[in-house]
1. When N counts the residues of the range 505-586, how does its alpha-carbon radius of gyration compare numerically with 2.2 N^0.38 Å, as a ratio?
2. Using a Förster radius of 30 Å, what is the FRET efficiency between residue 608 and residue 414 based on their Cβ-Cβ separation? Nearest 0.05, please.
3. Largest first, what is the accessible-area ranking of 224, 460 with a 1.4 Å probe?
4. Note the full-extension length gain between residue 730 and residue 380 as 0.36 nm times their separation in residues minus their Cα-Cα distance, in nm to one decimal.
5. So, R0 is 60 Å and r is the distance between the beta-carbons of residue 395 and residue 72; what FRET efficiency does that work out to, to 0.05?
6. Enumerate the residues in the range 485-507 having an amide nitrogen under 18 Å from the point lying 7 Å beyond the Cα of residue 524 toward its Cβ.
7. Please list, in order along the range 499-511, the HN-Hα scalar couplings obtained from phi with the Karplus expression 6.51 cos²θ - 1.76 cosθ + 1.60 (θ = phi - 60°), rounded to whole Hz, x for Gly and Pro.
8. What do you reckon, how do 725, 766 stack up by accessible area (1.4 Å probe), largest on top?
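The values are calculated or read from the model by the stated rules, or taken from the named source; none is laboratory data. Fair warning: this is a prediction, and the values are worked out from it, not measured in the lab. All Cβ positions, glycine included, derive from the backbone under ideal geometry; neighbour counts span all protein chains shown. Quick note on the areas: whole protein, heavy atoms, side chains included, nothing else; ligands and nucleic acids left out. Shrake-Rupley method; radii C 1.70, N 1.55, O 1.52, S 1.80 Å.
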Amino acid sequence: MPPSVTEGPADRGASRISLGGLAGMSLGARLVLFGTLVTLVSVAGSFALLSVEIRRQTRSHLADLLAGNQKTVLALQKRSFDELLWTSRLMTQSPTLRAAMETYESESPSSSGRRPDLLATVQTELDRIRELLGKDLAVITDSRGVVLAASPATGRASGEPLELKPFVRRALETGAFSGQSSFGVLKLQQETYQIGCVPIVLQDFAIGTLTLGTRIDASFLDEMRKTLQSDVVLTLGTQVLGSTLPSPFSATGSSSSASLAGLLSGEASKNLVTLAGEEFVGAALSLGQDRDGHDVTLVLLRPLGRDLSAASRSILVALSLCALLALLLAGVLAWRVSRSVLDPLERFVAFVRTVAETGDHSLRFQGSESSAEVKTLNQAYHLLMDSLQEHEKRMLLHAREEMGRVERLKESEKLASLGRMLSGAAHEINNPLTGIVGNLDILLRTPHLDAPIRERLERMQKESQRIIGLVRNLLKVAHRDTGQRTAVDLHQILRETVALRRHDFAAAGFELRLETPTSPLALQGNELELQQVFLNLINNAYDALKEFARDPCLSIRATQEDSQVVVTFEDGGPGMKDPRKVFDHFYTTKEVGKGTGLGLSITHAIMQGHGGRIAAENRSEGGARFTLVLPLTSAEPPRRVPAISSVQPRDGAAPIPATILVVEDEYTILELQMAILSSVGATAVGVSTGQEAVQQIQRREYQLIISDLRLPGGFSGQELFRWIEKNRPSLTRRVIFVTGDSASEATRAFLEQSGRRYLMKPFSVEDYVQAVRETLDGLRSAA
């Protein structure tokens, strides 16, 4: 079970989640704060919406109320003027006033004077009517509009005409009550009166007019305010004559005047006006016109803000109580959530921080008492950590494999560099070695040699052959191939690999023994990689035997078992300290600087890449044993490029009557070849470059062309062959190549593509002569 991490109270207090400017505040406290803000915003929004709706409803209600007041005032006005009309009729029934009016009317209008007694009678009767009706003004005119009497006295002389007054003129013209057009406002002696004018009719004839008026002053406006429960403003055109508003405002040149003018003209939106910085719902009531035709209007106003304030306070109190209740519920809920979710979550976050700081992904969080949400999160975290651990294992394995590939790449680069060096060295060695071997063969063919001299020459020839085999094996190791898998002969690879180290073993007094079946063992693999596997094991055995040799022998045995081949390496050294770790990367028991610990790991990787396996163990009798198992294939190993094998000289061989062109840049080898050809009766022509060879071919015919592959001047033996293919195609079958490096990929590919015979440097006289005879015989047979 993976280790777990738990926290105490001190850890819980330290594991608070920081978020921006609220660093240090617990998640529960932030939740409460957030709930409080949401509640306050909700309450404020609700209050704003309700305020707008209440404002709309209140404004509509006040408008309806003022409309009702309008109707009431109009009804009272109608009643007042009905009373006025009734009064005018009643006056015609008064005997005294009637007699006075008839007498005055019957007198000639052109009479030079007025009878004071008649005017006094009319004045007395008018005073009585005014007192009876409780009016502030009463005026009687004759049918011509001349004032007969006024109560109280206006200071105007009797008989002064009033025909300029529109309402008097209209009353005289219509001869009857004309409704709203008979009402108006009159200014007398700095006082303003609301008047009504009706004709005095006697026997269907207007004998005069009766005008009654009520004084419009502060008491009148105050009485209207009390009666209608509304503020009132009296205007004459755009001039404010009076107002019951507590705060005075300017009549002109202000926003109040513009707002009031909009209401009077009917343009104010929904009867809403602003006066002295306060909003009102208003309704306009016409009182008529003055003598100049200006409208006189009584404006009824109800303050919107005052009516809203009470409702708003009630709503605010209710919403505040709801907000307090919501905050209380939010606090309780936040406390519960903090106890059940947030505290375990904070502990979980602290645990994750601990894992991040320690890097120990094996830790697990113990949250069995947590809520379902935290448990779900914990399960997801466990799955994530398990997946991360698996990924880390894969990454570590991949890193090890990648490191092994890098080391193999380094080894490949080293071998490539070694191959280039050995290839050049082999060419330089093979050229003088060819002269030595060839001249030794010529000397050994000399008859009547002394026995001691022949013995020494044969010993030199044997050592030369040893050098030849060593150089060729080094070239095979040095040249890397493409890494492709092909059918290879395991027996041949083992023999060539053993030959590389056999001299070292013998020089150290060790035995290197190889036991293989006589038949080929075909594998699907890479020749160089398999040779690297075998060479690594041979080198390790050599180092072990040098350290301690109970039995100074390395035995290599290859056997076939069904469809597999088993190769066993057994040495008599000290054995391995821990056979289970020998294939691990960088595991080594050698001293520092003598081993990297990658040889056997690379060997293990190569075996796996070939579909095989390798095992290591210590022998019971001492020493180490490595067992390799590789699958066999039914494919045949590819045919090697035919090289001329050594043959025994044939006594009495026929001469070779042919003209042969020899192309060789090394003078010693050129001279040797011409000597060999001359000894068998051939005519030899020697050149040292490809350009000279082209010139010779263009001058005369040759039965055979023998050319080295490496030639100076940028015109190699391959270039010469391509020139022959293009310009002298009939000579392509008459070409024999000489090379000191047939192990390189480029050289092998060219030789296989051309299909021509070739001689490996160094060559013997028999090899050389045999190649020439067989090529010429083949040409004659084809002809």
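1. My calculation over the Cα atoms of the range 505-586 gives 1.21.
2. 0.85
3. 460, 224
4. 118.0 nm
5. 0.05
6. In the range 485-507, the label zone of residue 524 (backbone N under 18 Å from the point 7 Å along Cα→Cβ) covers 485-490.
7. Karplus values, whole Hz, x for Gly and Pro: 5, 5, 10, 4, 5, 4, 4, 5, 5, 8, x, 9, 9.
8. 725, 766
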